[in-house]
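Novice: Got a structure for you, questions after.
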Amino acid sequence: MKFSILTAVWNRAATLPDALQSLDTQTYDNYEHVVQDGGSSDGTLELLNARNDPRMRLVSETDRGLYDALNRATDRATGDVVGLLHSDDFFAHAEVLTRVAHVFEETGADAVYGDLEYVSARDTDKVVRHWVSGPYGPHKLKRGWMPPHPSLFIKRDVITRWGGYDDSFQISADYDSILRYFGQGRISAAYLPEVLAKMRLGGASNGSVRRILRKSTEDYKAIRRNQVGGAPTLIMKNARKVPQLFMNKLRSN
């Protein structure tokens with residue numbers, strides 16, 4: 001099984017090294033790293049070009065934002081399974097790809113996902129929110145469930161069949177695509193109950209009150225267009241974050 005690990009990046013020279021190191025230390029080596037750079041000018045390109053890794057496929061060009069960049073990277077992907085490695089994120093440990101590959105082979109699922117930890121941007125050892133996904137069931141979509149996007153690995157033919165990201169969404173194109181794959185596509189998914197990725201706080205969906213409000217608006221649009229519910233689904237989706245924060249505080253004490 002070959003992985004296509006996608007990274008869309010623009011001016012992230014400060015955080016990208018952590019992401020790259022977490023990929024370099026993976027014990028599973030049958031992957032390609034498809035990097036889509038938006039025309040960085042802060043040293044990101046120099047950092048990438050210095051890697052000399054034959055598995056990296058780098059293109060630098062102007063794009064229309066994160067989701068357009070990820071679509072371009074997906075179009076260039078050749079692997080059996082697509083996973084994401086955002087420039088502000090990193091894999092939780094060196095066995096992530098090995099364990100994900102094992103679950104794919106063992107279950108024959110269309111997608112494998114795990115858990116996610118949000119960490120402080122200043123201290124990545126400090127966990128702020130612990131997102132436990134839990135097993136998937138179709139009824140959960142209406143209850144606001146979704147797997148953490150950075151922990152989701154999905155077969156490329158699912159994306160080919162059901163389409164990539166709708167980049168008319170600025171923040172919630174990932175949620176829209178998940179509802180499309182899991183809802184309309186009725187794909188099979190296997191849960192790997194461990195943290196697979198860590199995300200720094202301060203990303204596109206959690207950077208300000210204005211962006212949080214925009215995300216809720218876009219989430220509601222995705223819910224309605226994919227016919228999985230309405231306002232109660234959005235309320236339950238947001239309510240799911242409360243125990244994640246609360247349980248993390250208990251784990252910290």
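Novice: Helix-only mean residue ellipticity at 222 nm, the chain, DSSP H runs n ≥ 4 weighted -39,500 (n - 2.57), per residue, nearest 500. What is it? The partial results should precede the final answer.
Specialist: Working: 9 runs with 90 residues, N = 253.
-10500 deg cm²/dmol, from helical runs alone.
Novice: Once the whole set of protein chains is in place, how much accessible area is left on THR62, using a 1.4 Å probe, in Å² to the nearest 10?
Specialist: Its heavy atoms expose roughly 110 Å² to the probe.
Novice: Over region 23-158, with every protein chain in place, what whole percent of the accessible area is carbon and sulfur at 1.4 Å, could you tell me? Mind dumping the intermediate values first?
Specialist: Numbers: 2680 of 5830 Å².
The value for region 23-158 is 46 percent carbon and sulfur by accessible area.
Novice: Please identify, among ALA109, ALA14, ALA197, the residue showing maximal mean-square fluctuation in a Gaussian network model of the chain using a 10 angstrom Cα cutoff.
Specialist: ALA14
Novice: Please list ARG224, ARG51, ARG129 in order of solvent-accessible area, largest first, computed with a 1.4 Å probe with all protein chains present. Let's see the in-between values first.
Specialist: Details: ARG224 130, ARG51 50, ARG129 30 Å².
Reading off the accessible areas and sorting them downward yields ARG224, ARG51, ARG129.
Novice: Going by alpha carbons, how many degrees (0 to 90, nearest 10) lie between the helix axis of 209-225 and the longest principal axis of the chain?
Specialist: Long axis of 209-225 versus the principal axis of the chain: about 70 degrees.
Novice: Something else: Can you tell me which of HIS139, HIS33, HIS130 moves the most in a GNM of the chain? Springs connect C-alpha atoms under 10 Å apart.
Specialist: Residue with maximal mean-square fluctuation among HIS139, HIS33, HIS130: HIS139.
Novice: In addition: Which residue, VAL242, VAL119, VAL158, has the most motion in a Gaussian network model of the chain that connects Cα atoms within less than 10 Å?
Specialist: Ranking VAL242, VAL119, VAL158 by mean-square fluctuation puts VAL242 first.
Novice: Taking the Cα atoms only, what angle lies between the long axis of helix 96-107 and the longest principal axis of the chain, rounded to 10 degrees?
Specialist: Taking Cα atoms only, the helix is inclined about 60 degrees.
Novice: Counting only C-alpha contacts under 8 Å and six or more residues apart, can you give the relative contact order of region 1-119 as a whole percent?
Specialist: That works out to 40 percent.
Novice: Still on this structure, please answer the following. Tilt of helix 66-76 relative to the longest C-alpha principal axis of the chain, in degrees (0 to 90, nearest 10)?
Specialist: Approximately 60 degrees, to the nearest 10.
Novice: Per residue, how many Å² of accessible area does region 1-67 show with a 1.4 Å probe?
Specialist: Working: 3190 Å² over 67 residues.
Value returned for region 1-67: 48 Å² of accessible area per residue.
Novice: Further, regarding this structure: Under a 1.4 Å probe, what is the accessible area of region 72-143 per residue, stated in Å²?
Specialist: For region 72-143, the solvent-accessible area averages 44 Å² per residue.
The values are calculated or read from the model by the stated rules, or taken from the named source; none is laboratory data. Note that the structure is predicted; figures quoted are calculated from it, not measured. Accessible surface is based on the protein model in full, side chains and every heavy atom, while ligands, DNA and RNA are left aside. Shrake-Rupley method; radii C 1.70, N 1.55, O 1.52, S 1.80 Å.
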